[in-house]
Amino acid sequence: MKRLAIAAVLLAIMAVLALVLTLGERGTAVAQNEPEATPEEREPAALVGSGEIATPVSAEASEERREVERPAPETPVPELVEAPAPPEPTATALGRLVDEATGEPVPFQEFDVGPPDDSERVETDAFGSFETKRAHPSGALSIRLRFDDGGQPFGAAFSHPIELAHDADDRRRADVPIKIGPTYELDLQLPAGVEPADLKVTLDAKNPVEDAWGLRAREASVREGERPWVRFQKPDFYLEPAPPWQLEVVAKETAWRGTAAVDSITGIYPKPVKVVLTQAAELGGRLETASGQNVEAFVGLTGPAGTKTYGPFEHGSYRIRWLDPGVYRLAVYSSTHEHPELEVELASGESKTLDLVVAARPLGGALAGVVRSEGRERYNDLRVILRSVEHVKLVETQMVQWQPGTDRGTFRFDGLATGEYKLAVFGHSTAPIEPELLDVSPPREDLEFVVRDSGTELRSYTITAVDAETGECIQGPELHVRPERGKSGMRMWTSMCEFKLGPYRPDDAFEWVLRCEGYETAWGDRSSFDADGSCEARVRRGWSGRVVVQDPDGTPLAGVAIVLPDGSSEATDVDGVATLRRDQRPPKLAFVYGDWRVTGGDVDADGSYTDTGFDVEVRLAPPD
């Protein structure tokens, strides 16, 4: 009984202690959550004049109070990070690439679809068809063509609306017209051991005048198909020469070679090009004087395909490869030495050695004179060009040496062989130079050219192709420039987005057309440029073309209705001009002007047409 009482007392004491501890913790928690007191409430200052003093505070209490008053540490604010933009939505699209000029399907063409940093490489099949998963749900297909060798994309990207495939059963394909490089199907018999992949094809000007001025050729590899075929990388030449052009097919390892003439360098050629391959021959040997001195000279060969000049050869020997079998007339062209013409016969696959020992030509003397400026003191860029009449490849050039403080400069060509020569002065200036050409024979030291300039400053101009919506530079445009309508002009291309024109005199007139793949065309003239000589041609996505309609005598026809395949139409103005703007190039045009009919120009009888650069020109005539 006593034990129970003792246990009860112990339990009571423990309960009281637990209650005291609980109340103490609650009091501490309340004290910590009380609002911070003002300075007056924490430490009352001495009352001035009252005779009372502040109550002293112990060190422990002060430390506890400072602990309570210490501000809580600041919580770091997390840095705001901009969330990445969601990826562009994509969709599946089926399409078919077709040649813009002919409407023919474009097989085995590589191109990139989508933005540059997330594009898909696609290649059309043998029928020009393709499938891509990078089309935009709006139906716009962004395409960037690739080089034939699968290298970097070439030219500006362009967008084309296309009907999307929404399910597996929807296999409709939309035609996507593109401007492609010259494409030729080859009709040839391959020799044993030669495969299409062994062949290289060069497209070059056959016109010897254009060739003499160094027109750059294009080279491409042959592709396999039902017939071997070839497509060149660029749409056409930097400056269009006159036809015909020549295809040269070569198997370099086995020396098989063949050539064929073509009359178009735009789009898909309408028929196979027949090429007969023969094993080429080569000719070489010494080219020295009798004493063994090296001579710089050209070697000319006249054979079945005409005359071609090779060289210059300057190390005491010459070698000419890739010659067709046959009989040739050989000539040596040199300004200081000569060799009688020879006849040489080459068999298929033959390598022949023929040493050429040349003799010194009789010296005629020097050609010298002055260049006099009227209107300016001097022109620093003028040069005199000397060309042999007998050997057109023999050319020498000298800069005009201006005499300080005078309006005249001098030139001199020494040690010329006998013969006839042509002299002309050239420079970047457009000021007229008289005479334009001199036909002379050495010796002559009294020659004179006069530069007749009004003294006005010449101006150069800059045209930049810019996307009207994004403001970005458009790469790969082409520019056509001509003095005026009806005059021939020049065609330029750049891999960048800027062209430089001139210099021009103040009274020189010119007009220009800027074309960018997948964009509308921009037209302008000299008035398009600002005071600094700059023009920013801002163009929108789509297609546009200008049509000029005239009667047989060249008189403009107003009110001619130009009907497009979708049934819409545009009418020509008083100048016979109509500007067409559409999302894509219409394949055909129809012309309604009473009972008049198309009799000429750039439009065929079926309504298909060729845009030659500036305008589509059409001639209409009344019925007979």
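The values are calculated or read from the model by the stated rules, or taken from the named source; none is laboratory data. Everything numeric here is computed off the predicted structure, so don't read it as measured data. Neighbour counts are summed over all protein chains in view; Cβ atoms, including those assigned to glycine, are modelled from backbone coordinates with ideal geometry. Just the protein is used for accessible areas: all its heavy atoms, side chains included, with ligands, DNA and RNA removed. Shrake-Rupley method; radii C 1.70, N 1.55, O 1.52, S 1.80 Å.
For every residue, the table says whether it meets (1) at pLDDT 80 or above; (2) of a type in the set (Asp, Glu); (3) open to solvent by 10 Å² or more (accessible area, probe 1.4 Å).
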{"position": "ASP407", "(1), (2), (3)": "yes, yes, yes"}
{"position": "LEU416", "(1), (2), (3)": "yes, no, no"}
{"position": "TYR421", "(1), (2), (3)": "yes, no, yes"}
{"position": "THR430", "(1), (2), (3)": "no, no, yes"}
{"position": "ILE474", "(1), (2), (3)": "yes, no, no"}
{"position": "ARG491", "(1), (2), (3)": "no, no, yes"}
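Has region 261-279 got any residue that is under 30 Å from LEU416 (Cα atoms) and out of contact with any Gly (no Cβ under 7 Å at 6 or more places or on another chain)? No - not one qualifying residue is present in region 261-279. Residues in region 321-340 that are on the phi < 0 side of the Ramachandran plot and part of a strand (DSSP E or B): ARG321, LEU323, VAL327, TYR328, ARG329, LEU330, ALA331, VAL332, TYR333, HIS337, GLU338. The residues of region 381-401 that are open to solvent by 40 Å² or more (accessible area, probe 1.4 Å) and at pLDDT 70 or above, listed by number, are ASP381, ARG383, ARG387, VAL389, GLU390, VAL395, GLU396, THR397, GLN398, MET399, GLN401.
Condition first: under 30 Å from THR124 (Cβ atoms), of a type in the set (Val, Ile, Thr) and at pLDDT below 85. Can you find one or more residues in region 218-228 that meet it? Checking region 218-228: at least one residue is under 30 Å from THR124 (Cβ atoms), of a type in the set (Val, Ile, Thr) and at pLDDT below 85.
Scanning region 186-200 for residues that are open to solvent by less than 20 Å² (accessible area, probe 1.4 Å) and closer than 15 Å to ALA220 by Cα yields LEU186, PRO196, LEU199.
Considering region 321-336, the residues that are without any contact (Cβ under 8 Å) to a residue 60 or more places away in the chain and under 15 Å from SER351 (Cβ atoms) include one that is least open to solvent (accessible area, probe 1.4 Å), namely LEU323. For region 498-530, the tally of residues that are assigned to a loop (DSSP other than H, G, I, E, B) and either under 25 Å from GLY427 (Cα atoms) or in contact (Cβ under 8 Å) with a residue 60 or more places away in the chain (or both) stands at 11.
Would you call ARG546 of a type outside the set (Asp, Glu), in a strand (DSSP E or B) and closer than 28 Å to GLY476 by Cβ? If you could, list the steps in order and put the result at the bottom.
Working: of a type outside the set (Asp, Glu): yes; in a strand (DSSP E or B): yes; closer than 28 Å to GLY476 by Cβ: yes.
In short, yes.
Checking each residue in region 585-624 for being open to solvent by 70 Å² or more (accessible area, probe 1.4 Å) and under 26 Å from CYS516 (Cα atoms) picks out PRO587, LYS588, ASP604, THR610, THR612, GLU617. Pairs meeting the criteria (first residue in region 382-409 and within 20 Å of LEU301 (Cβ to Cβ) and without any contact (Cβ under 8 Å) to a residue 12 or more places away in the chain, second residue open to solvent by 40 Å² or more (accessible area, probe 1.4 Å) and not in a loop (DSSP other than H, G, I, E, B), beta carbons under 9 Å, at least 6 apart or on different chains) are VAL395/ARG387.
Okay, residues lined up against (1) in a loop (DSSP other than H, G, I, E, B); (2) without any contact (Cβ under 8 Å) to a residue 60 or more places away in the chain; (3) within 33 Å of the chain's Cα centre (by Cα):
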| position | (1), (2), (3) |
| --- | --- |
| ILE562 | no, yes, yes |
| VAL574 | yes, yes, no |
| ARG581 | no, no, yes |
| GLN584 | yes, no, yes |
| PHE591 | no, yes, no |
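I'm checking my understanding of the structure. Among residues of region 337-349 that are open to solvent by less than 60 Å² (accessible area, probe 1.4 Å) and out of contact with any Phe, Trp or Tyr (no Cβ under 6 Å at 6 or more places or on another chain), which one is nearest to ARG361 (Cα to Cα)? It comes out as HIS337.
Among the residues of region 576-585, is there at least one that is in contact with a His (Cβ under 7 Å, 6 or more places away or on another chain) and modelled with pLDDT of 85 or more? Scanning region 576-585, I find no residue that is in contact with a His (Cβ under 7 Å, 6 or more places away or on another chain) and modelled with pLDDT of 85 or more, so the answer is no. Would you check if ASP530 is more than 25 Å from GLN584 (Cβ to Cβ) and not aliphatic (A, V, I, L, M)? Here the answer is yes, as ASP530 does meet what is asked.
Looking across region 242-254, the residues that are at pLDDT below 85 and either β-branched (Val, Ile, Thr) or in a loop (DSSP other than H, G, I, E, B) (or both) come down to ALA242, PRO243, PRO244, LYS252, GLU253, THR254.
Here ASP169 fulfils each of the conditions (1) at pLDDT below 65; (2) charged (D, E, K, R); (3) under 25 Å from ARG223 (Cα atoms) apart from (3).
Given LEU323, LEU367, LEU330, which one is over 30 Å from GLU436 (Cβ atoms) and at pLDDT 90 or above?
Matching residue, one of LEU323, LEU367, LEU330: LEU330.
Among the residues of region 543-584, those identified as open to solvent by less than 40 Å² (accessible area, probe 1.4 Å) and in contact with a Gly (Cβ under 7 Å, 6 or more places away or on another chain) are VAL548, VAL549, GLN550, LEU557, THR572, LEU580. Among the candidates SER534, SER544, the residue that is under 28 Å from LEU458 (Cβ atoms) and hydroxyl-bearing (Ser, Thr, Tyr) is uniquely SER534.
Consider region 172-185 and keep the residues that are over 19 Å from the mean Cα position of the chain (by Cα) and open to solvent by less than 10 Å² (accessible area, probe 1.4 Å). The one that is nearest to PRO228 (Cα to Cα) is TYR184.
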